[in-house]
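First up is the structure itself, then whatever we jot down about it.
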Amino acid sequence: MNTRSTTRGLGLLTAIAAVAALTAPVAFAAPATAAAPAAAKKAKGKSRDDFNGDGYQDLAVAAPRATVDGQERAGYVAVLYGSKSGLKTSGKQVLRQGRGGIPGVPQESDEFGGTLASADLDRDGYADLVIGAVGDGYQPDPGAAGELTVVWGSAKGLGRGKTPAGTTRGSAEKGSTTRLVAGDFNGDGKPDLAAANWNSGLTVLHGPFDAAAKPARKTYVPAADQEINRSSFALAAGDVNKDGRTDILGIAETSDVERPGVLFWKGTTKGPAASEIVKDSKGKPLVGMSVAVGDVNKDGFQDVLVGNSASGDLDPKRRGGTVTYLPGSAKGVSGAKSSVFHLDTPGIPGGPKDDGGFGASVAVGDLDGDKYGDTVIGVPRRYADGRVESGSVVVLRGTRSGPTAAKAKEFTQNTPGVPGSSETRDYFGSHTKPFDADGDGRNELAVSATGENKGAGEVWVLPATASGPTGKGSLTVNPTMLGVNPDVWGKFGSSYTR
């Protein structure tokens with residue numbers, strides 16, 4: 001049992017710490033110095049997930065439930081770097097508490113890496129990585145690492161920075177961090193961070209951030225109403241109304257645990273406004289379990305995708321799950337023009353009988369380079385390839401009218417070119433992340449299977465082509481190749497940057 005005192009809460013930063021000289025805890029090579037000053041300038045303002053400023057997106061992926069130094073569910077984060085030839089498996093880093101300059105020590109149930117975000121917080125042209133320990137907050141002393149750690153980007157990758165002498169603790173009533181997103185919520189050109197708390201409110205850390213990762217100020221935004229009184233377990237950010245300020249979408253449990261609600265925090269000149277409850281086409285509160293934001297129809301407004309893998313519990317006709325598309329507009333997000341996709345939609349592989357958890361994860365990215373955002377849907381409980389809950393991923397192309405099920409693609413571990421094979425309860429499609437590792441304007445696709453290898457977890461990276469993702473040339477990342485013990489139920493691949 002964890003006997004630490006219950007001093008939970010984000011606080012002024014509830015300890016955001018910038019760390020110096022970050023190296024891997026095993027004998028990994030440091031990432032190559034790939035960015036000249038000119039490249040860094042080019043990357044300025046466009047550097048999300050580009051930790052070394054070379055113009056290629058990097059991949060940060062966590063195993064928050066992994067055992068570290070004998071501490072169960074202490075967690076770690078792995079980072080791999082993009083390049084002209086795609087994601088590199090050399091130069092990888094493993095980030096964990098108490099090693100290579102990261103403050104704190106691994107402790108039971110910290111779940112370091114349970115939430116990740118990326119932004120150029122100090123505006124030097126290099127993305128910085130923010131790591132949340134979602135189970136942390138039970139601090140043994142004022143010098144503990146706290147819930148959030150900022151790792152500075154540099155021309156050599158993650159690592160350069162400064163470690164504060166101590167931490168500043170805040171009040172417990174605001175709740176502990178559950179999810180984290182980055183964006184410019186007040187439109188001043190300086191990246192901010194927003195953390196969802198256990199009571200579904202938001203703690204907002206406003207930029208600019210100084211060399212010690214201290215924000216200019218902090219504000220708190222309460223939940224929409226008294227009924228939303230449990231944890232926010234999904235967040236996504238984007239400019240839904242195209243006003244130059246980042247908006248936030250979230251999923252929060254309510255007093256009825258079977259109907260988690262969808263919340264919308266509009267960005268304003270002062271930061272996120274009080275949340276609104278998003279309603280569906282019938283005017284009822286929209287139910288969801290996952291959320292993503294991206295420009296699907298190429299009109300400049302960021303659109304919203306909400307997955308509800310448990311929709312069959314409420315609507316037997318949609319057993320297996322749904323994904324709802326809500327187009328962005330100058331008025332924000334509305335269900336009036338929404339459309340719904342499910343396993344009975346013509347063109348989508350599978351069927352309701354599979355009870356596949358359709359929409360357990362959802363993401364948006366341009367996977368074919370046509371400038372339309374494509375919708376990536378995780379179906380981790382899909383009875384794919386004859387294996388119970390082996391899982392799959394479905395990709396819907398973006399069009400002027402939104403996602404289309406026409407020519408939808410499905411990927412499993414038995415797809416030609418994808419390493420491995422579908423096995424019972426792999427949960428392929430647990431989490432997904434589109435990212436442009438080779439800078440060609442098309443997003444590669446990272447797919448997690450958190451049940452792989454008895455719950456140790458694994459991540460597949462599918463290359464991008466002009467016709468979308470392909471299994472040919474796919475690579476895998478797992479704890480063994482990282483030099484880390486493949487801990488049972490470590491769940492590598494449980495979180496990516498948001």
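Under a 5 Å amide H to amide H cut-off, with H placed in plane at 1.01 Å, what residues pair with residue 105 once short-range neighbours are removed?
Counting only residues 5 or more places away or on other chains, the set is 145.
As an exercise, find the ratio Rg/Rh for the stretch 289-425 from alpha-carbon atoms, using the Kirkwood inverse-distance average for Rh.
Ratio of gyration radius to Kirkwood radius: 0.98.
With the other protein chains left in place, how much accessible area per residue, in square angstrom, belongs to the stretch 298-434 at a 1.4 angstrom probe?
Solvent-accessible surface per residue comes out at 40 Å².
On a 24 Å Cα-Cα criterion, which of the cross-link pairs 270/371; 337/371; 279/491 come out too long?
From 270/371; 337/371; 279/491, over 24 Å: 270/371; 279/491.
Taking H placed 1.01 Å from N in the peptide plane, check which residues at least 5 places from residue 409 or on another chain put their amide H under 5 Å from its amide H.
Excluding prolines and chain starts, which carry no amide H, the hits are 395.
Could you list which residues have their amide H under 5 Å from that of residue 279, counting only those 5 or more apart in sequence or on another chain, with H placed in the peptide plane?
286, 335
Quick one: ranking 72, 410, 111 by accessible area, 1.4 Å probe, largest first, what do you get?
72, 410, 111
Given the C-alpha atoms of the stretch 422-498, compute the convex hull and give its volume per residue in Å³.
That works out to 99 Å³ per residue.
Mind pulling the per residue volume of the convex hull built on the Cα atoms of the stretch 315-381? Å³ is fine.
Value for the stretch 315-381: 112 Å³ per residue.
Quick check: at a probe of 1.4 Å, how many percent of the accessible area of the stretch 379-448 sits on carbon and sulfur atoms?
Carbon with sulfur: 43 percent of the solvent-accessible area.
Using θ = phi - 60° and the Karplus form 6.51 cos²θ - 1.76 cosθ + 1.60, what ³J(HN,Hα) does each residue of the stretch 270-279 get, whole Hz, x for Gly and Pro?
Per-residue couplings from phi come out as 9, x, x, 7, 4, 6, 10, 8, 7, 10 Hz.
The values are calculated or read from the model by the stated rules, or taken from the named source; none is laboratory data. The structure presented is a predicted model; accordingly, all values stated were derived computationally and were not measured. The accessibility values were calculated without ligands, DNA or RNA, using every heavy atom of the protein model including side chains. Shrake-Rupley method; radii C 1.70, N 1.55, O 1.52, S 1.80 Å.
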